[in-house]
Amino acid sequence: MVLLSASLLSKGQINDFNNVWTQIGPNVTPNNPTFRSDGGVGPVEFIRVSDRQDGLLLAGSLNGGLFHSTDDGENWTNSGSDDWAYSGCAWADFYPTDHTVWFACANFSDANGKPGPIGQEGGVLRTMDQGKSWELIGDYQKLMGSEYLIIYGTRFHPTNPKIMYVMTSEGLIYTEDCLESSVKWQKSYNITGLVYDLDFMDGKMYVAQISNGNWSIFSCEENNISRFKKLKFIEDEDKEMRNLTFEPANGELLVVKDFSKESDEMIRYNPTTDSTSLVLKGLKISFGSGHSFAVSPYQKGEFYIGNNTDVKKWAPPYTKTIEIGGKHHVDVEFIAYDPNDSLKVYLCTHGGVYISTNEGKDWIPKMNGFGNCEVMGMSVSTIDPRQVVIGSYHDGSMVYADHEKNGIFDWRTVNGGDGLIPLIDPNNNAVVYTSNQFTGGGLFYSDDTARKVKINIHNINNLKTPGWEMSAVIDHFNTNTVFFNFIETSEANLNNINICRTSDAKARQSAVVISDFRKSHKLTNYKVFGLYNSKYQENVLIAYVLDYVKNETGELIVMHRLFRTDQANAPANEVIDSWYEIKHANNEWIGDVEIDGKNPNIIYVSYIIGKKNPDTIFGDKGMVYAIEYRGNARHSIRRIYDISKNIPNSVAGRFNLYYTRDGGGGLIIATRTGVYFGNMQVLDGKLKWIKVGEQLPHCKVYGLDYNSEKRIITVGYFGRGVWQYQVDDSIQ
């Protein structure tokens, strides 16, 4: 059973990849046997609760998109954002007088956990039928003409909801009729800089704004935005702030100052007397981008506020914190009261949505169907492709397996922190490697599918973890051997990242160092950022090295370099001396490297993103290249050619290539726009790629696998979890 038969390949490409992809999760809260407070599905940025239809919710993820629930969070459905050009959603809201009309803000990417640029195809979207169809009513051209524009949210005028305001990195943008067929946008030139928050109270509009590093709050009459007044109490602030947000509270503003270097504080501003008073100090609003507090519409003086990795509830007379329940993910993004039920509160965290029906005493995870996991790395069992291990941003490492040996597969949290590269032994799927970046993290070995046994390979070898730069691969010919990277602590190579090798991951002091690019190639400041090998070519190991050098003006720049050894299992000192550089196409961020299964001197290189200005009008350029080297001591390039063809210039991600010998040889590539297959004629630059399957989300890719026996393709998305595709039985 193979992907494509040689006879079919001899006739050129075929177009039978028309099945629908299936998401395998995690789209429910993972099993968390010992309860890790950093375990969950994925980060949820916001939640909106309808006051016109009971149980109707909107919630969104910066990378995973927009979801809705009609049964108060018991079940969630993607609201059509999988079909947006960019699946990420920075904000959404119901139209105030019609719960079937929604507005959403799509972003190209996040910016370290906050909304990022809208790009060329993001911006303000509208649906008039509860997510069945969407139209882009405000792209970068209709707004400020910049694809780097960032949208932080929208607000509706309290008495005329057709007037909608958009808070952006380029000021305050608004329309006088958000329902008309062709929405016209205007900018308020009275407010410059970045507009971060906006609200209404007692006939006035208040705006939080930052310009030239200085935060301000402006106010104006809600029906006259041509005359703004700067509030003096913020103007006098002499401490550097990261964020400034506020909430109306019974004729006053509760203002949270998120300071850069000092503890945060909340103050109360009375606009009638133009006076302030301190409410809380010693806070640490480290998550939530300033939106992790909510004022009660029921009890005067009551509010919830995120503090570090906890949530506090305050109520008069402000003598102490009211205890709220645990059992929720520690990193809080958004808090909201239910507009119809005084006992109900909603919590958005880096692990998902949680709901309390008893004023915060207990929190219940509500993520059934949400599926917004941000995959950072993925490994699929060769023996059984149903078994998958992922590292996930914010939510640790998770294993999808038949843990109880009863035929039931489920997701289980096995490591906390930010999960990174996982591995599964191709000969024994009980042997699992996971990794994470936090202090005390590293690469972990387990021989029981990470249920109980987890040995930190870095720790038992007295090696410092490389953190976010973690990389590791298994030797396919001797699966007891693992190659992984570490941070040097020796004086000569201090803080450089090199490669080591162990042939017994559970044994102490078993790792040997097999690279020293300072010695072999005179690099002084470098990081081994990626490791690649092949199940077809023995002893070959390729290292992707970030070489930090200064240009002629003294500016530090990154050189993206590839080094290779053909003696990966030789004695350590011989491996160190055997590395040679192999040239590649562009000095840009590399997504993945695959080695040809027949000719070891041919490799395929994908880049994080294609060229912005293709060389010709015939197709897009720069996503993936085939590179052939001379098999001699010079290792020079014989031929290098762009094989991108019809693959659009989009974000690729990492670990997004897979070479298979099946059917005479071929390559699979996954990008934001989809998954594509190319046979040998494509790899020779003669034919176009064939798109595999339908109904995939448009997120960055962080994992790709193909099982030739079961003929299953698996892809991991940063924002939408793991998806699989069963190649049609007629293709054999």
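The values are calculated or read from the model by the stated rules, or taken from the named source; none is laboratory data. On a predicted model such as this, the values are computed, not experimentally measured, just so you know. Here Cβ is always computed from backbone atoms with ideal geometry, including for glycine, and neighbour counts include all displayed protein chains.
When you scan region 261-271, do you find a residue that is touching a residue at least 12 places away in the same chain (Cβ under 8 Å), buried (at least 16 other Cβ atoms within 10 Å of the Cβ) and in contact with a helix residue (DSSP H, G or I) (Cβ under 9 Å, 6 or more places away or on another chain), even just one?
Yes, there is a match, as at least one residue in region 261-271 is touching a residue at least 12 places away in the same chain (Cβ under 8 Å), buried (at least 16 other Cβ atoms within 10 Å of the Cβ) and in contact with a helix residue (DSSP H, G or I) (Cβ under 9 Å, 6 or more places away or on another chain).
Which residues, counting only those in region 395-430, are acidic (Asp, Glu) and assigned to a strand (DSSP E or B)?
Of everything in region 395-430, those that are acidic (Asp, Glu) and assigned to a strand (DSSP E or B) turn out to be 410, 425.
Restricting attention to region 86-123, which residues are in contact with a Phe, Trp or Tyr (Cβ under 9 Å, 6 or more places away or on another chain) and of a type in the set (Asp, Glu)?
Selection gives 93, 121.
Filtering region 89-118 down to residues that are modelled with pLDDT of 95 or more and among the small types (Gly, Ala, Ser), which residue is nearest to residue 170 (Cα to Cα)?
Looking at residues that are modelled with pLDDT of 95 or more and among the small types (Gly, Ala, Ser), I get 116.
Output the strands (runs of 3 or more DSSP E) that fall wholly within region 665-713 and possess 1 or more residues being charged (D, E, K, R), or say none.
Result: 700-707.
Of the residues 684, 728, which is within 27 Å of residue 400 (Cα to Cα), charged (D, E, K, R) and either modelled with pLDDT of 95 or more or surrounded by fewer than 24 Cβ atoms within 10 Å (Cβ to Cβ) (or both)?
Residue meeting the stated conditions: 728.
Which of the residues spanning region 101-154 are charged (D, E, K, R) and within 19 Å of the chain's Cα centre (by Cα)?
Residues satisfying the conditions are 110, 114, 121.
Just give me the residues in region 482-504 being outside any strand (DSSP E or B) and either crowded, with 18+ Cβ neighbours inside 10 Å or not assigned by TED's automatic domain parsing to the domain that holds residue 577 (or both), in sequence order.
Those that are outside any strand (DSSP E or B) and either crowded, with 18+ Cβ neighbours inside 10 Å or not assigned by TED's automatic domain parsing to the domain that holds residue 577 (or both): 488, 493, 496.
Against the definition (surrounded by fewer than 21 Cβ atoms within 10 Å (Cβ to Cβ) and either within 25 Å of residue 691 (Cα to Cα) or modelled with pLDDT of 95 or more (or both)), how does residue 616 come out, yes or no?
It is true that residue 616 is surrounded by fewer than 21 Cβ atoms within 10 Å (Cβ to Cβ) and either within 25 Å of residue 691 (Cα to Cα) or modelled with pLDDT of 95 or more (or both).
Could you go through region 336-347 and let me know if any residue there is at pLDDT 90 or above and closer than 24 Å to residue 111 by Cα.
There is at least one residue in region 336-347 that is at pLDDT 90 or above and closer than 24 Å to residue 111 by Cα.
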